[in-house]
Amino acid sequence: MYRFAESTADAGGTMGQTAARPLRADAERSVRMILEAAERLLSKDPGASMEQIAAEAGVSRATIHRRFAHRGALTDALALSAARRLAQAVDDGRPATAPPLVALHRITANVLEVKGAWTFALSLPAAPGSEAAALHETMAQSCVAVLERARAEGLVDASADLDWLQRVYYALLGETLHGDPDDAGTDPDALAARVVDTFLHGAGPRA
């Protein structure tokens with residue numbers, strides 16, 4: 001879905017070499033720590049240096065430069081890792097097999113959880129032709145497929161413009177992430193219920 005992410009070793013793009021199993025596990029762990037630290041730090045300070053990210057991750061400068069040759073490689077890996085997480089969140093909602101209303105709620109809750117945790121990474125543009133771009137396109141197709149099934153079951157009007165509905169749904173997701181963090185109803189399931197209810201019924205009075 002909307003810029004709807006885990007093989008962190010692959011996300012690093014620098015770990016294709018054959019290695020003994022314990023070393024690979026250690027390498028995967030360091031990549032994961034670096035990506036998580038990059039998300040935390042860059043969401044607060046987009047200009048943070050590689051050295052600052054290494055310190056946040058608790059690894060040496062040599063380690064971060066061994067895993068990522070330059071800053072662009074790190075942000076590319078960050079965007080891809082987040083896209084994979086998001087794609088998994090969508091898949092876990094069973095867009096093609098769960099009842100449309102169930103799928104819509106599950107996907108919404110899952111996506112809100114991932115997007116809330118990876119705000120910076122998911123704001124990064126996916127390079128045309130990249131795996132991240134392909135994942136986002138697949139997620140967009142899943143969104144339309146769920147909406148088509150919802151329309152077929154009468155959850156939305158038969159004449160509804162699905163492209164427009166998709167944009168409205170994305171907008172609701174985006175605005176939901178800008179909510180009040182002190183709101184008691186900010187757990188993903190509660191927020192998903194709000195989003196789906198507003199999406200399907202608008203602000204009009206309930207029968």
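The values are calculated or read from the model by the stated rules, or taken from the named source; none is laboratory data. Bear in mind that the values here come from a model prediction, so they are computed numbers and not experimental data. As a convention, Cβ positions derive from the backbone with ideal geometry for all residues, glycine included, and neighbour counts pool all protein chains shown.
Return yes or no: is residue 94 in a helix (DSSP H, G or I) and out of contact with any strand residue (DSSP E or B) (no Cβ under 9 Å at 6 or more places or on another chain)? Step through it out loud before you land on a result.
Details: in a helix (DSSP H, G or I): no; out of contact with any strand residue (DSSP E or B) (no Cβ under 9 Å at 6 or more places or on another chain): yes.
Spelling it out, it is not the case that residue 94 is in a helix (DSSP H, G or I) and out of contact with any strand residue (DSSP E or B) (no Cβ under 9 Å at 6 or more places or on another chain).
Please count how many residues of region 42-64 are in a helix (DSSP H, G or I) and either out of contact with any helix residue (DSSP H, G or I) (no Cβ under 7 Å at 6 or more places or on another chain) or within 15 Å of residue 82 (Cβ to Cβ) (or both). Walk me through it before giving the result.
Step one: filter region 42-64 for residues in a helix (DSSP H, G or I), giving 42-44, 50-57, 61-64.
Retained after the next criterion (residues that are either out of contact with any helix residue (DSSP H, G or I) (no Cβ under 7 Å at 6 or more places or on another chain) or within 15 Å of residue 82 (Cβ to Cβ) (or both)): 42-44, 55, 62.
So the count comes out to 5.
If you take the residues of region 18-62 that are under 26 Å from residue 123 (Cβ atoms) and polar (S, T, N, Q), which of them is modelled with the lowest pLDDT?
Only one residue fits best here, namely 30.
Can you tell me how many residues within region 163-178 are farther than 17 Å from residue 149 by Cβ and among the hydroxyl-bearing types (Ser, Thr, Tyr)?
Matching residues across region 163-178 total 2.
One residue is enough: does region 114-131 have a residue meeting the conditions among the basic types (Lys, Arg), surrounded by fewer than 19 Cβ atoms within 10 Å (Cβ to Cβ) and either assigned to a helix (DSSP H, G or I) or modelled with pLDDT under 95 (or both)?
Start the filter on region 114-131 by keeping residues that are among the basic types (Lys, Arg), which leaves 115.
The next check asks that each one be surrounded by fewer than 19 Cβ atoms within 10 Å (Cβ to Cβ); those that pass are none.
Looking for residues that are among the basic types (Lys, Arg), surrounded by fewer than 19 Cβ atoms within 10 Å (Cβ to Cβ) and either assigned to a helix (DSSP H, G or I) or modelled with pLDDT under 95 (or both), one finds none in region 114-131, hence no.
Please determine, by comparing only the residues of region 141-179 that are surrounded by fewer than 14 Cβ atoms within 10 Å (Cβ to Cβ) and either of a type in the set (S, T, N, Q) or touching a strand residue (DSSP E or B) at 6+ places or on another chain (Cβ under 8 Å) (or both), which one is nearest to residue 97 (Cα to Cα).
141
Restricting to region 160-176, and then to whatever is of a type in the set (Gly, Ala, Ser) and within 18 Å of the chain's Cα centre (by Cα), can you tell me which residue is modelled with the lowest pLDDT? Don't jump to the end; show me each part of the working.
Let us first name the residues in region 160-176 that are of a type in the set (Gly, Ala, Ser), namely 160, 171, 174.
Among the residues that remain, those that are also within 18 Å of the chain's Cα centre (by Cα) are: 171, 174.
Values: 171: 95, 174: 91.
Selected residue: 174.
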